[in-house]
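Single-structure report; data block below.
The values are calculated or read from the model by the stated rules, or taken from the named source; none is laboratory data. Note that the coordinates shown come from a computational prediction; the quantities given were computed from them, not determined experimentally. Virtual Cβ from ideal backbone geometry, glycine too; neighbours counted across all protein chains shown.
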């Protein structure tokens, strides 16, 4: 590969930081853009901390924007778009699908900027910088780099591991590294990070050693299945490690589940007791593109509840997702789903006709009112997205405008640690009645308003709980990839049994219904199911990247070899 091609391919990871000046949060106060890589800059603890601040926001922007739900939820089958993003909805993601290229580039931008931060801090940090802050800032960058590689390896399989972007300008041998060596690399990195991060955040929103332990729990649970090659038992040592780290976070971090599930997404929820790591978005007016959260613009179902945006009118829970909520009964013909659920997560994740959302202002003819989700009487209607939708500027103290919101994006919550512990305890068994696993599972299950689960835990039960708990948080796809590592047939069975087609939802009364009836749209008989298989499960490397970096077509090699 020529130097020119290498420069094009890695342009994203060689870009300098683009910094926000004048933020309203102390956490995101930034130095001038012309000083960030200057040798005279890294002279105080505050300056070093400022140098890693945008690793919590800007570098993740393109992934968070639309790719997070396109990959994490549309491909997983928890939600769909009726008229847009159809390649991801129908599992036909290609090398030219926009969110494929966007997310690839975003993750490598995270890698590149993390590498740059590590190099600059090591090279320029002055004697006044305390060793603890220097160590922590480098650990933050390694944490972000490892997490980006977790996304990369789970979406594309073998990918190149880059620890120093400057070497790419003279290295003609860069190629992909095996999945096993990527997982080994990021696990080793996260173990080192865990030792270097403080037990409590140095600033609000900063990661701690328990953020790293949570990632290690996640990494080990997933990695436990890697050696099974799609059909076999999981590695017990790694399952035990997942169990160890998840319990450490639960017992030692000081984090706590919020009492009400819906509070997780009610403004202002940033950096609450359940958040172990969140992307830190800051509303700072109509400028500063890339440091504010744009995702709510695409999720809100109408401009009536947004700020001149609100383009998510065709986004909805899938039919299959609605079957995951307890309390709905499927008809014998399979075309009608009827009932209600005690599960508070449904109303907090998707909007059902007649449901009330007093925290959101709705524009109506002649004025405004507190939102009552409309009843569309057509034979196609949508259960619109609620998570991350916080309403108009007046609903959030003026802290939003079109495509610019300040609410953070969860990257890891304490609830996941409870479910990781339960699954790691289950391990390779068909079921478990382990008292601690059941207690942790029920902490999540009963928080949602459901009765205590007293039956033995099975993998099906835990998978279902994860889908419901984390729907529209970009998690479903990665749960399926984790399953695919050790039970490929089961992953395909889940995906290929999902109904992703059109339907309509009717309330029994409006407003404040007591139950709903979902009916499949009779004329919409195509595009209801997908065909997930070995040929399309992983994402194809984006076409634009392949054309510029033919080394990506070479066989993957072990990183250390």
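Worth pointing out:
- Scan the range 500-511 for residues that are more than 15 Å from residue 376 (Cβ to Cβ) and surrounded by 18 or more Cβ atoms within 10 Å (Cβ to Cβ) and the total you get is 2.
- Count - residues of the range 356-375 that are in a loop (DSSP other than H, G, I, E, B) and surrounded by fewer than 21 Cβ atoms within 10 Å (Cβ to Cβ): 4
- Residue check for residue 119: assigned to a helix (DSSP H, G or I) and crowded, with 20+ Cβ neighbours inside 10 Å: no
- Criterion (in contact (Cβ under 8 Å) with a residue 60 or more places away in the chain and in a helix (DSSP H, G or I)) met by exactly one of 353, 296: 296
Okay, residues lined up against (1) buried (at least 17 other Cβ atoms within 10 Å of the Cβ); (2) touching a strand residue (DSSP E or B) at 6+ places or on another chain (Cβ under 9 Å); (3) modelled with pLDDT of 95 or more; (4) part of a helix (DSSP H, G or I):
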{"residue": "182", "(1), (2), (3), (4)": "yes, yes, yes, yes"}
{"residue": "193", "(1), (2), (3), (4)": "yes, no, yes, yes"}
{"residue": "217", "(1), (2), (3), (4)": "yes, no, yes, yes"}
{"residue": "248", "(1), (2), (3), (4)": "yes, no, yes, yes"}
{"residue": "254", "(1), (2), (3), (4)": "no, no, yes, no"}
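- For the criterion of being assigned to a helix (DSSP H, G or I) and either crowded, with 16+ Cβ neighbours inside 10 Å or modelled with pLDDT of 95 or more (or both), residue 54 passes.
- Residue 385, sole failed condition from (1) touching a strand residue (DSSP E or B) at 6+ places or on another chain (Cβ under 8 Å); (2) free of Cβ contacts under 8 Å to residues at least 40 places away in the same chain: (2)
- Residues in the range 73-98 that are touching a residue at least 40 places away in the same chain (Cβ under 8 Å), touching a helix residue (DSSP H, G or I) at 6+ places or on another chain (Cβ under 6 Å) and on the phi > 0 side of the Ramachandran plot: 77 only.
- Among the residues here, residue 189 does not qualify as in a loop (DSSP other than H, G, I, E, B) and within 25 Å of the chain's Cα centre (by Cα).
- Residue 143 being part of a helix (DSSP H, G or I), crowded, with 19+ Cβ neighbours inside 10 Å and in contact with a strand residue (DSSP E or B) (Cβ under 9 Å, 6 or more places away or on another chain): yes
- Applying the criterion of being in a loop (DSSP other than H, G, I, E, B) and modelled with pLDDT of 95 or more to the residues of the range 231-246, the residue that is nearest to residue 360 (Cα to Cα) is 234.
- Residue 316 vs. criteria closer than 16 Å to residue 299 by Cα and not in a loop (DSSP other than H, G, I, E, B): yes
- Any hit, the range 99-116, residues being free of Cβ contacts under 8 Å to residues at least 24 places away in the same chain and on the phi < 0 side of the Ramachandran plot: no
- Test result for residue 221, modelled with pLDDT of 95 or more and surrounded by 20 or more Cβ atoms within 10 Å (Cβ to Cβ): yes
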